Amino acid sequence: MTTPDSELAAAAAHLRAGRLVAFPTETVYGLGADATNPAAVAAIYAAKGRPDFNPLIVHVPDLAAAGAIARLDGRAERLAAAFWPGALTMVLPLREDAGIAPRVTAGLDTIALRIPAHPLARALLAAAGRPLAGPSANPSGRVSPTTAAHVRDGLGDKVAMILDGGACPVGLESTIVGLAGEPARLLRPGGVPAEAIEALIGRLERPAGGVAVSAPGMLESHYAPTAPVRLDATAPLADRPESLLAFGPAVPAGFARVLSLSPSGDLEEAARNLFAHLRRLDEDGAAAIAVMPIPGHGLGAAINDRLRRAAAPRPRTIQNQVQP
Ligand code: TXA
Ligand code: MG
């Protein structure tokens, strides 16, 4: 999919004027704003209905831009060399003179940085000439968008523009690694498998009490479709019709409807399809969604993390939207 230069120029002008532009990345679509503009950053929180204790990821074009905003130690440099541009976010000590609006970091002295790989994200960063704050472009608590149409459905009336780059090739948010202290910590499993990171910098600590404590955004219920979700399903329930999210070649019979994340059992394909399939089952009016077991290695860790959150008890605001 090609985007004309005029569209990119318009998007960059919106960003420099403090408006919101949704843009594709290789992970999910981001809701972009100039990270140096306090009013633009405030508009992100308002558009998403995001609690303001939950800090934002900042997208930068290159290592020089990252180094101007945060302090990168040896571990960060090694990870940057291996995984940037790409689906890795690092939480690093913030430089006080970086010029980042305080609400980006929710007042913390650390900042989450990522260099995205998607060509449209890179073109937008170059055209805007600003670091771009960019949470996933969905209303807070809902499933992340992996197409421009998903963004339009959730936030269409709240953005100046949506850049359409087609479906996101990874389909899950970035892996977040905390490097502001010792030891390095896995704050969110995501598009880069933790095993690949550990091969370079050693064992990542999994924060006790779950990631919720250290990545404020990792609230238990998140990535929630409207229908209730049942995990590790191997057979239909007798008493309620469910739609099945299948994985692998052996699909149990007796479900009202079946969508497969990957008929061949490929975890990358499953990651790419996860959010879009959850949405589709929801839109098609599933009374409930059952999900087959998915292996926990590689991208499976992030897939299972998102599914656990989709299945977690809902806060009231989301519960109220559940169809009777
Ligand atoms: O793939 C991605 O990471 C996408 C694309 C658009 O880049 N972005 C994304 O952003 O998923 P968001 O806002 O939905 O998730 C950012 C996560 C939140 O859980 C937040 O709490 C955490 O990053 N975070 C941000 N700054 C942090 C910090 N200083 N310390 C700890 N966690 C932080
Ligand atoms: Mg998000």
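Numbers below:
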item: Tabulated pairs, segment 181-201, first free of Cβ contacts under 8 Å to residues at least 60 places away in the same chain, second part of a strand (DSSP E or B) and open to solvent by less than 40 Å² (accessible area, probe 1.4 Å), C-beta under 6 angstrom, 6+ apart or interchain; result: R185/G178
item: Subset tally (residues that are more than 18 Å from A64 (Cα to Cα) and not aliphatic (A, V, I, L, M)) for segment 108-126; result: 3
item: Qualifying position, being more than 11 Å from ligand 1 (Cβ to nearest atom), assigned by TED's automatic domain parsing to the domain that holds L20 and modelled with pLDDT under 95, among V159, V143; result: V143
item: Complete set of residues in segment 101-150 that are touching a Ser or Thr at 6+ places or on another chain (Cβ under 9 Å), surrounded by fewer than 24 Cβ atoms within 10 Å (Cβ to Cβ) and among the hydrophobic types (A, V, I, L, M, F, W, C); result: A101, A117, L120, A123
item: Checklist (1) more than 13 Å from ligand 1 (Cβ to nearest atom); (2) under 19 Å from the mean Cα position of the chain (by Cα) applied to P131, failing item; result: (1)
item: Scope segment 23-51; condition open to solvent by less than 30 Å² (accessible area, probe 1.4 Å) and within 13 Å of ligand 2 (Cβ to nearest atom); matching residues; result: T25, T27, V28, Y29, G30, L31, I44, Y45, A47, K48
item: Residue pairs meeting the criteria (Cβ under 8 Å; at least 6 apart or on separate chains; first within 10 Å of L267 (Cα to Cα), in segment 293-304; second in a helix (DSSP H, G or I) and open to solvent by 50 Å² or more (accessible area, probe 1.4 Å)); result: H297/E195; G298/E195; L299/E268
item: Some residue of segment 159-179 being in a helix (DSSP H, G or I), small (G, A, S) and under 23 Å from A106 (Cβ atoms); result: no
item: Test: G171 is open to solvent by 10 Å² or more (accessible area, probe 1.4 Å), within 14 Å of ligand 2 (Cβ to nearest atom) and under 19 Å from G300 (Cα atoms); result: no
item: In segment 249-277, the residues that are open to solvent by 50 Å² or more (accessible area, probe 1.4 Å) and assigned to a loop (DSSP other than H, G, I, E, B); result: P249, A250, V251, A253, G254, A256, P263, S264, D266
item: Subset of segment 76-110 [among the aliphatic types (A, V, I, L, M) and closer than 23 Å to F53 by Cα]; result: L88, M90, V91, L92, L94, A98, I100, A101, V104, A106, L108
item: Filter pass, I294 being modelled with pLDDT of 90 or more, over 16 Å from the mean Cα position of the chain (by Cα) and over 16 Å from P193 (Cα atoms); result: no
item: Residues of segment 278-302 classified as in a loop (DSSP other than H, G, I, E, B) and small (G, A, S), total; result: 6
item: All positions within segment 41-82 that are more than 20 Å from D97 (Cβ to Cβ) and hydrophobic (A, V, I, L, M, F, W, C); result: A42, A43, I44, A46, A47, F53, I57, L79, A80, A81, A82
item: Single match in A199, A212 (criterion: open to solvent by 40 Å² or more (accessible area, probe 1.4 Å), modelled with pLDDT of 95 or more and part of a helix (DSSP H, G or I)); result: A199
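The values are calculated or read from the model by the stated rules, or taken from the named source; none is laboratory data. Predicted model, so just to flag it, every value in this text is computed and none were measured. We place every Cβ from the backbone using ideal geometry, glycine too, and count neighbours over all the protein chains shown. Please note that ligands, DNA and RNA were not included when accessible areas were found on the heavy atoms of the full protein model with its side chains. Shrake-Rupley method; radii C 1.70, N 1.55, O 1.52, S 1.80 Å.
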